[in-house]
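**Student:** Dropping a structure here in structure tokens format, bear with me for questions.
What follows draws every value from the coordinates through simple rules; no lab data is involved. What you see is a predicted model; the values in this text were computed from it and never measured. A quick note on method: Cβ atoms are made from the backbone with ideal geometry, for glycine too, and the neighbour counts reach across all protein chains shown.
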Amino acid sequence: MEFNDGLADTEVPTTSAVETEVLIIGSGPAGASAALFLSSLGVSNIVVTKYRWTANTPRAHITNQRTMEIFRDLGIEEQVLAEATPHDQMGDTVFCTSIAGDEIGRIRTWGTHPARHADYELASPSLNCDIPQTYLEPILVKNATERGSHTSFSTEYLSHTQDADGVTARVRDRLTGHEYDIRARYLIGADGARSKVAADIGLPHQGRMDIAGSMNITFKADISDLVAHRPSVLYWVIQPGSNIGGIGTGLVRMVRPWDEWLIVWGYDISGPPPELDDDAARQIVRNLLGVADLDVEITGYSLWGNNEQWATHLQSGRVFCAGDAVHKHPPSNGLGSNTSVQDSYNLAWKIAAVLRGWASEDLLETYSAERAPVAEQIVRRANRSAREFGQIFDALGIEDGDTEEQMRAKIAERAADSPEGARRREALRHAMELKNYEFNAHGVEMGQFYTSTAIASDGSPRPESDRDPELYYRPSTVPGARLPHVWVGDAAKTLSTHDLAGYDRFTLFTGISGQAWAEAARQVAEKLGVPLEAVVIGPGREVTDLYFDWAAGREVHEDGAVLVRPDKHVCWRSHRMADDPAAALTDVLTGILKPGGEA
Ligand SMILES: Cc1cc2nc3c(=O)[nH]c(=O)nc-3n(C[C@H](O)[C@H](O)[C@H](O)COP(=O)(O)OP(=O)(O)OC[C@H]3O[C@@H](n4cnc5c(N)ncnc54)[C@H](O)[C@@H]3O)c2cc1C
């Protein structure tokens, strides 16, 4: 991909309005990544964002494999890994009465269990990692800006109007109070859970906001001696008050190993909001850590509401919403920032395709068709995961309203040499196993499947693991599924199939006896003006099937073909060579993109 210099003539103020191709509201994971994707595709864009800098609290952190392989595609994976806590330090997730107190159980998470690790290794060229949002957003903004985005901090979106040719947005410079218009062909509202853009276009929503109260407390304290021997990014605390509000139970979350932390602690949202000051925050920290005189530096605190709400449609005309603007849910499963980046990855190439004239505007409708079901799925999953903590409380016999003493006695009872003790231990084992749906939900993370007019179905059903589709991902080339990753290459290099399918083009995979597809792809690309490249996998070709994994997993014959979109989802496949491969490819691409249609 070639990047523009960010100084496209169209962005020079002409009359009263500043002009650009795409205006993005917000520089969080959804907005900053949209800017990165668009700039990488040579689409001019302006980001306006309300505050003077990126996220000021380390909210999102778990960055899953799907997001990491997107970062790999954009050439920033190494930058992210350099700031991240690596995969192998993420997963000894502990449940305890306090960090220094009794350990109730442990579960290996994020694919770190030896029995799960292979699934993760096999699924993607990239492993998951933990990078706090405060570290990730600057990487996204820096790269987007280097590649051409104009980023205006301290600038607030106020309103917009749209017409047949574009969108005019009113924004305010918060330093000077100066208001001005930005004229764009398209607008992306990536302005978070309280999105004004989504409200302005009246996106339809289902579900509810503010169903439980949570507080975040950030602090510094070196507690290596309590945690480094059981390294994890999450330590869950069950103690009096931890079943009130919040995200399931009390959470002590690593921000930087092992001296920077974030606590999530619940409160009853039906009552008045708790009054927090440094002393109150310090007391909560000491309670959850279980060290009465711990030397703690409180660095911040805030209150926030847990939501269970998703938009059922993500677009109105030339205006799209992405990220928390269209899916609002607790942090359980770590899906928020990940899904936000993935929304933008789905949308940006489509906007580029329309702006560059190789697709009609119909393609943009598929953003909603493909991503709204994902929004609903992840909101439901995250909320269910938060509720499933209830089974741990049930297993321990803890009930709402138990006094501190009753709660401690019940937790202690799991150690009793009695039928009740044995029953509690068994119930606890099952309750802990259920948490795999929060912490090892590989199928949820990797198995997103699209059905829309941008996918030419061959009638095959959605591929799902015959184990548990939420826990296990099943690679497949069924149109709509994500391109399976396997390692290919030659004596000098090893590459993922994903490395061969760039974000700036369609890619057609075939084998040696399918070479006529490659010639057809060249002709069709030229005729339609659609960026399309073919990759022939086999000995003596661009890459060889190093481990024979492509042959084992491609699900078509060697003379068949698998067509992959820029976002690495399969949009069509042919099991065998067609009588006229150029005609077959022309049909499928015109069906998906409708180039030359109304643009
Ligand atoms: C405690 C906690 C832990 C979490 N952990 C994870 C995790 O491990 N993994 C994960 O994937 N997710 C996690 N999340 C969720 C994640 O933080 C969000 O899903 C993510 O930030 C959403 O990104 P976004 O870009 O859509 O919105 P936001 O990050 O909210 O960004 C919104 C942007 O819009 C801007 N903005 C708002 N209004 C305006 C306006 N009027 N004009 C201009 N700009 C405006 C803001 O300045 C901001 O830049 C967690 C959340 C919390 C609270």
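**Student:** Express in nm, to one decimal, how much length is gained between Thr403 and Arg462 on full extension, taking 0.36 nm for each residue of separation and deducting their alpha carbon distance.
**Tutor:** Working: separation 59, 0.36 × 59 = 21.24 nm, distance 4.90 nm.
So the chain would gain 16.3 nm between Thr403 and Arg462.
**Student:** Can you pull the one-decimal nm distance between simple spin-label points at Ala422 and Arg194, each 7 Å off the Cα toward Cβ?
**Tutor:** Each label point lies 7 Å from its Cα, and together they span 5.5 nm.
**Student:** So for the chain, averaging the separation of alpha carbon pairs under 8 Å that are six or more residues apart and normalising by length, what relative contact order in percent results?
**Tutor:** Values: 1367 pairs, mean separation 82.3, N = 599.
Once divided by the residue count of the chain, the mean separation gives 14 percent.
**Student:** Rounded to the nearest 0.05, what FRET efficiency do Arg52 and Ile211 give with R0 = 35 Å and r taken as the Cβ-Cβ distance? Could you check? List each step's numbers first, then the result.
**Tutor:** Details: r = 32 Å, r/R0 = 0.91.
The computed FRET efficiency comes out at 0.65.
**Student:** Going Cα to Cα from Lys435, which lysines come in below 23 Å? Please leave out same-chain ones fewer than 8 positions away.
**Tutor:** Lys435 reaches Lys328, Lys410.
**Student:** Shifting gears a bit: As an exercise, use a Förster radius of 45 Å and the Cβ-Cβ distance of Arg174 and Arg230 to find the FRET efficiency, rounded to the nearest 0.05. Walk me through the intermediate numbers first.
**Tutor:** Numbers: r = 45 Å, r/R0 = 1.00.
Taking R0 as 45 Å, the efficiency between Arg174 and Arg230 is 0.50.
**Student:** Sticking with this structure for a sec: Full extension from His313 to Asp579: what is 0.36 nm times the residue separation minus their Cα-Cα distance, to one decimal in nm?
**Tutor:** Values: separation 266, 0.36 × 266 = 95.76 nm, distance 4.00 nm.
Gain in length upon complete extension: 91.8 nm.
**Student:** Pull out the extension gain between Asp222 and Asp102, defined as 0.36 nm times the separation in residues minus the alpha carbon to alpha carbon distance; nm, one decimal. Each step should come with its number before you reach the end.
**Tutor:** Details: separation 120, 0.36 × 120 = 43.20 nm, distance 1.97 nm.
Result for the pair: 41.2 nm of gain on full extension.
**Student:** A follow-up question, please. Could you please tell me the mean projected area of the C-alpha convex hull for the chain, averaged over all directions and given in square nanometres to one decimal? Write out the running numbers ahead of the final one.
**Tutor:** Values: hull surface 114.0 nm².
Orientation-averaged projected area of the Cα hull: 28.5 nm².
**Student:** Could you name the aspartates and glutamates whose alpha carbon sits less than 12 Å from that of Lys568, not counting residues in the same chain fewer than 8 places away?
**Tutor:** Glu69, Asp73, Asp499, Asp504
**Student:** May I pose another question? For the range 188-198, in order, what is each residue's ³J(HN,Hα) by Karplus, 6.51 cos²θ - 1.76 cosθ + 1.60 with θ = phi - 60°, in whole Hz (x at glycine and Pro)?
**Tutor:** 10, x, 10, 9, x, 4, 9, 4, 6, 4, 4
**Student:** Counting only C-alpha contacts under 8 Å and six or more residues apart, can you give the relative contact order of the range 449-593 as a whole percent? Intermediate values should be presented prior to the final figure.
**Tutor:** Working: 296 pairs, mean separation 41.4, N = 145.
Worked out over the range 449-593, it gives 29 percent.
**Student:** Can you quote the Å³ per residue value for the convex hull of the Cα atoms in the range 249-336, rounded to an integer?
**Tutor:** Values: hull volume 13.4 nm³, N = 88.
With only Cα atoms used, the range 249-336 gives 152 Å³ per residue.
**Student:** Place the peptides 56-67, 214-225, 174-185 in order of packing, highest mean first, counting for every residue the other Cβ atoms within 10 Å and averaging per peptide. Don't skip to the answer; put the middle values down first.
**Tutor:** On the way: 56-67: 23.3, 214-225: 17.9, 174-185: 14.8.
With the highest mean Cβ count within 10 Å placed first, the list reads 56-67, 214-225, 174-185.
**Student:** Mind scanning Lys142/Lys350; Lys50/Lys142; Lys493/Lys527 and naming the pairs with a C-alpha gap bigger than 26 Å?
**Tutor:** Working: Lys142/Lys350 23 Å; Lys50/Lys142 17 Å; Lys493/Lys527 33 Å.
Listed pairs above 26 Å: Lys493/Lys527.
**Student:** So what is the calculated 222 nm ellipticity per residue for the chain, using -39500 (n - 2.57) for each DSSP H run with n of 4 or more, over all residues, to the nearest 500 deg cm²/dmol?
**Tutor:** Numbers: 18 runs with 193 residues, N = 599.
Computed mean residue ellipticity for the chain: -9500 deg cm²/dmol.
**Student:** Given bins 10 angstrom wide, list per bin the percent of all Cα-Cα distances in the range 390-434, short to long.
**Tutor:** Going from the shortest bin to the longest, the percentages are 32, 54, 14.
**Student:** Now for a different question. Scattering from the C-alpha atoms of the range 466-599 alone, worked out with Debye: what is log10 I(q)/I(0) at q = 0.09, 0.13 1/Å?
**Tutor:** -0.25, -0.52
**Student:** Report the calculated FRET efficiency for Asp268 and Ala82 (r = Cβ-Cβ distance, R0 = 51 Å), to the nearest 0.05. Please report the intermediate quantities before stating the final value.
**Tutor:** Working: r = 42 Å, r/R0 = 0.81.
Between Asp268 and Ala82 the formula returns 0.75.
**Student:** A further question on this structure: Quick one: what does P(r) look like for the range 151-222 with 5 Å bins over all Cα pairs, in whole %?
**Tutor:** The percentages, shortest bin first, are 3, 11, 18, 18, 14, 11, 11, 7, 3, 2, 1, 0.
**Student:** What is the spin-label model distance, in nm, from Glu275 to Leu303 if the labels are put 7 Å beyond Cα along the C-beta direction?
**Tutor:** In this crude label model, Glu275 to Leu303 measures out at 1.2 nm.
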